[in-house]
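The values are calculated or read from the model by the stated rules, or taken from the named source; none is laboratory data. Fair warning: this is a prediction, and the values are worked out from it, not measured in the lab. Methodologically, a virtual Cβ is constructed for each residue, glycine included, from the backbone with ideal geometry; neighbour enumeration extends over all protein chains shown. Note: accessible area is taken over every heavy atom of the protein model, side chains too, but ligands, DNA and RNA are not part of it. Shrake-Rupley method; radii C 1.70, N 1.55, O 1.52, S 1.80 Å.
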Amino acid sequence: MSTILEKKGKNIGYKPVGQFEETRFEKIHNVIFEDSNEASIRVAEEIADLIRKKQAVGKTCVLGLATGSSPIRVYGELVRMHKEEGLSFSNVVTFNLDEYMPMDKANMQSYYYFMHEHLFNHVDIPAKNVNIPDGKISQEKVVEYCLGYEKKIKDYGGLDFQLLGIGRTGHIGFNEPGSHRNSGTRVITLDHITRVDAAPSFLGIDNVPRKAITMGIATVRSAKRIVLLGWGHNKAEIIKETVEGNITSQVPATYLQEHDNVTFVLDTGAGSELTRNKTPWLVGSCEWTDELTSKAIVWLCGKTGKSILSLTDKDYNDNGMSDLLSLVDSYDLNIKMFNKLQHTITGWPGGKPNADDTSRPERAEPARKRVIIFSPHPDDDVISMGGTFDRLVEQGHDVHVAYQTSGNIAVSDKEALKFAEISNTIVPSEEAQKIIDGILGKEENTFDSLEVRKLKGAIRRGESYAATRYLGLQDANVHFLDLPFYETGTIKKKSLSEADIAIMVDLINEIKPHQIYAAGDLADPHGTHKVCLDAVFEAMKRLKEEPFMKDCWLWLYRGAWHEWDINDIEMAVPMSPSQVLKKRYAIFCHQSQKDGVMFQGDDSREFWMRVEERNRGTAERYKALGLAHYAAMEAFVRYKFD
């Protein structure tokens, strides 16, 4: 049976980017798309095609389904096809991969809740055809239950199609490291990293269940067709290990190498570490663009431990770049790359007045620029570009900061209770007492009340003002947009709406900026940072015909966890030791996000520690390449809409 993601790259109705034949490094067929939206649509089309083919011959279509952020867009497209194209699910039987234990179906963190919210409530699948592991099954009955789940799958003739995501431990379903290739449906203890990744949805790792019930590796591998989805840079390392590494129980997804009809569907971020993408010169002949040449030279410096100007012909020849030397002499390559990086360094992020800007990252004129710094949450500005923020203010630019969301969900109940009790002590009020009672009486799996959300948002606002005042910005230049997509009171957000975009358009049109800074941290394609960046893109697109937009440049910064690759950086702003401290103190103003924040990630350090290490690391990498040595650097990439 052919599919639209046909093995060996037969192009049947989809447009992946770059080379998609397996290389000698790759052991699993994969296709890479520019973004997860287009990829998800193609996968949904394959599923719909399978459903229709089964319907045409009067057969049941048995689907194995996954949860998590990766398949959300796939389910959305299937719902659209049902509503707009008449795709029926009347012949579909589904088996979900897993469920937390213990977990009640009504809990909004349950996978039962997830599947009904994203798919089952919106299509015509018979309720009796939906099978999701029971997270409340008793310990005494769980073995019998798991055997029954397996038998039911077999009684339907097995899975026709299995949709998968992948965890950073390499788990598929909840088959954590150590899982056996012949494992069946069972209860498993969750890996710490898996629980860390789930922590944001549960508002803290302490609330994440320690166990789950999951289909086994053997159950998954028995499917006739398997498609695994991988989105974002944070999945790139495990994707590389799975696709190119050896089969090992420590990376359970590598067992998929033994399946003869599996495709990994990736976006460019998730596929970025694959050898053919990261170091294509090790795979075969390359088209040596300026971008690829820069990437190769930086990689070669890291491989050899040499600075750019120290690289020799032998270094290039010994590391798969002899064809590059046939085009350009190594000396010329080295000088060109050295100059390119040197010209990215500037202490004048708004442009240096009365200076030749030919080789500078920013324009000299106008000398005083109007600037908007878009911050997805009320601390991303100082965490990610606090030093540059400080420079822009000090150098006299008309700087505005726009906090796109309230960030209220990141304030713990404990922190909110503290503020409510202080307020009630100073000025006793029924409203304050109502908030206190609401927090103290809050039951598990309930939403914050509107009053509590307002208090938590006010806490973030106060902290933001403290930071911007510390950096010398006037309150009138601080904007709290409170984009509606975020204001749900839960981790799950609404889609970007016309109301969100209108707010963005109005602000940009009011300020008419020469520079816009926005968060380009796209590790999670469904995360708040991505939605906020999409809002920036859409607003600028709608304003593109306005005269001021011809002079408006968009600079992207990264968050606390990642930095741009050196070869991609177009502006690097150095910081002195005193500026590093000033940035740290600005971050300290966000006290509710200090000393154990709710969304810690797998790094237990505070944000200021992480980001200082990152900024020092960027400076050290410049030094290792032979450039000037600074205490720290913040890095930016200019987004060009054409």
Taking the Cα centre of the chain as origin, sum charge times position over the Cβ atoms of Lys and Arg (+1) and Asp and Glu (-1), and report the length of that vector in debye to the nearest 20. 780
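Here are some pairs, Lys414/Lys434; Lys235/Lys594; Lys240/Lys278; which of them have Cα atoms lying more than 21 Å apart in this structure? Please report the intermediate quantities before stating the final value.
Details: Lys414/Lys434 15 Å; Lys235/Lys594 27 Å; Lys240/Lys278 10 Å.
Over 21 Å apart, Cα to Cα: Lys235/Lys594.
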Would you calculate, for the chain, the mean residue ellipticity at 222 nm contributed by helices, counting each DSSP H stretch of 4 or more residues as -39,500 (n - 2.57) and dividing by all residues, to the nearest 500? -11500 deg cm²/dmol
Long-range amide H partners of Leu554 with built H, under 5 Å: Ile516, Tyr639
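Any of Lys369/Lys550; Lys530/Lys582; Lys27/Lys224; Lys211/Lys454; Lys128/Lys211 with alpha carbons more than 23 Å apart? Name them for me.
Values: Lys369/Lys550 14 Å; Lys530/Lys582 28 Å; Lys27/Lys224 18 Å; Lys211/Lys454 35 Å; Lys128/Lys211 26 Å.
Those over the limit are Lys530/Lys582; Lys211/Lys454; Lys128/Lys211.
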What is the dipole size for the range 505-577, taken about its Cα centre, with +1 at each Lys and Arg Cβ and -1 at each Asp and Glu Cβ, in debye to the nearest 20? 140
Descending Cα extents along the principal axes, the range 166-249, whole Å: 37, 31, 21
Which value, in Å² and to the nearest 10, is the accessible area of Val573 when all protein chains are kept and the probe is 1.4 Å? 0
Note, the range 323-330: 3J(HN,Hα) by Karplus (6.51, -1.76, 1.60, θ = phi - 60°), whole Hz, Gly/Pro = x, goes 5, 5, 5, 6, 9, 9, 5, 4
Rounded to the nearest 10 Å², the accessible area of Glu244 at probe 1.4 Å: 30
Given 4 °C, 1.567 mPa s and a Kirkwood radius over Cα pairs, the Stokes-Einstein diffusion coefficient of the range 421-484 in µm²/s is 94
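Heavy atoms only, 1.4 Å probe, whole protein assembly: order Val637, Val411, Val187 by accessible area, highest first. Walk me through the numbers on the way to the answer.
Values: Val637 25, Val411 0, Val187 55 Å².
Greatest to least solvent exposure: Val187, Val637, Val411.
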Which far-off residues, 5 or more places away or on another chain, put their amide H under 5 Å from the one on Ile345, with H placed in the peptide plane? Ala572
Under 19 Å from Lys336, Cα to Cα: aspartates and glutamates that are on another chain or at least 8 residues apart: Glu287, Asp290, Glu291, Asp313, Asp315, Asp323, Asp357, Asp565, Asp568, Glu570
Among (i) 20, 56, 23, 1; (ii) 18, 50, 27, 5, 0; (iii) 17, 48, 31, 4, the entry that matches P(r) over Cα pairs in 20 Å bins from 0, in percent as calculated here: (iii)
Using each residue's phi in the range 619-624, evaluate 6.51 cos²θ - 1.76 cosθ + 1.60 at θ = phi - 60° and report the 3J(HN,Hα) Karplus result to the nearest Hz, with x for Gly and Pro. 4, 5, 5, 4, 4, 5
Would you pull out the residues with amide H under 5 Å of Val92's amide H, same chain only if 5 or more places away, H placed 1.01 Å from N? Cys61
Please calculate the 1.4 Å probe accessible area of Asp475, with all protein chains present, and give it to the nearest 10 Å². 60
Top positive-direction residue, dipole computed over the range 141-236 with Cβ charges, set Phe161, Ile172, Ile193: Phe161
Once Cys61, Cys589 are ranked on solvent-accessible area with the largest value leading and a 1.4 Å probe, the list reads Cys589, Cys61
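Is the range 97-179 best put as rounded, prolate or oblate by its Cα gyration tensor, with a ≥ b ≥ c the root eigenvalues, rounded for a/c under 1.5, and otherwise prolate when a/b is larger than b/c, oblate when not?
Details: a/c = 1.17, a/b = 1.13, b/c = 1.04.
The shape class here is rounded.
Have a look at the DSSP beta bridges in the chain and tell me what percent are antiparallel, nearest 5. The partial results should precede the final answer.
Numbers: 18 of 57 bridges.
Percentage antiparallel, nearest 5: 30.
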A correct Karplus calculation of ³J(HN,Hα) over the range 420-429, with 6.51 cos²θ - 1.76 cosθ + 1.60, θ = phi - 60°, whole Hz and x for Gly and Pro, returns 5, 5, 4, 4, 5, 6, 6, 10, x, 8
Let me spell out the model: positive unit charges on the Cβ of Lys and Arg, negative unit charges on the Cβ of Asp and Glu, origin at the Cα centre of the range 319-370. What dipole size does that give, in debye rounded to 20? 480
